[in-house]
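Here the structure comes first, spelled out in structure tokens, and everything after it is commentary.
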Amino acid sequence: LFQQLFGQVCPDSFLSKLIGGDEETFNQIDAPALRQFGELQGNIASRFSGMGMGARRSSGFQNSMNAEASNFAQALQSQRQGLQKQALMDLMGM
């Protein structure tokens, strides 16, 4: 039991990496969301491209892209904080 639990708390464990904010671990977790965000950006660009010449240089396009980027960044940060908090709670429960 000790060996099994020690594996969960050693510095190289998944929980320890989450709690410590290991960027590589979070990059792996964030990868699917980043792909979805890229698709969302493509959809926004396509929508504005269909509006005619210059629409993608408009303030409406820039505002849409900036709003989505801001929402995405906030959601990603919130998810990271939630994962860190849950990892800490799991570790304390052990």
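The values are calculated or read from the model by the stated rules, or taken from the named source; none is laboratory data. Quick caveat: nothing in here was measured; it's all calculated off a predicted structure. Positions of Cβ are generated from backbone atoms using ideal geometry, with glycine treated the same way; all protein chains shown enter the neighbour counts. With ligands, DNA and RNA removed, areas are computed over all heavy atoms of the protein, side chains included. Shrake-Rupley method; radii C 1.70, N 1.55, O 1.52, S 1.80 Å.
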* Applying the Karplus parametrisation 6.51 cos²θ - 1.76 cosθ + 1.60 with θ = phi - 60° to the phi angles of segment 39-51, what ³J(HN,Hα) value in whole Hz is obtained for each residue in order, glycine and proline being reported as x? -> 5, 4, 4, x, 5, 5, 4, 5, 4, 6, 5, x, 8
* Structure fact -> Among segment 37-56, those whose backbone N falls under 15 Å of a label point 7 Å along Cα→Cβ from Ala67 are 41, 44-45, 47-48
* Accessible area (Å², per residue) of segment 14-94, counting only protein heavy atoms and a probe of 1.4 Å -> 68 Å²
* Would you kindly state how much longer the chain becomes between Leu76 and Ser13 on full extension, computed as 0.36 nm times their sequence separation minus their alpha carbon distance, in nm to one decimal? => 20.5 nm
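Relative contact order for the chain: what is it in percent, counting Cα pairs under 8 Å that are at least 6 residues apart?
37 percent
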* To do: Calculate, in nm to one decimal, what Gln36 and Arg57 gain on full extension: separation in residues at 0.36 nm each, minus their alpha carbon distance.
  => 5.3 nm
* Using only the Cα atoms of the chain, build the gyration tensor, take square roots of its eigenvalues as a ≥ b ≥ c, and label the shape rounded, prolate or oblate: rounded if a/c is under 1.5, else prolate if a/b is larger than b/c, else oblate. => prolate
* Given only helices, namely DSSP H runs of n ≥ 4 each adding -39500 (n - 2.57), what is the per-residue ellipticity at 222 nm of the chain, to the nearest 500 deg cm²/dmol? -> -28000 deg cm²/dmol
* **Surface accessible to a 1.4 Å probe, Leu91 within the full protein complex, Å²** => 40 Å²
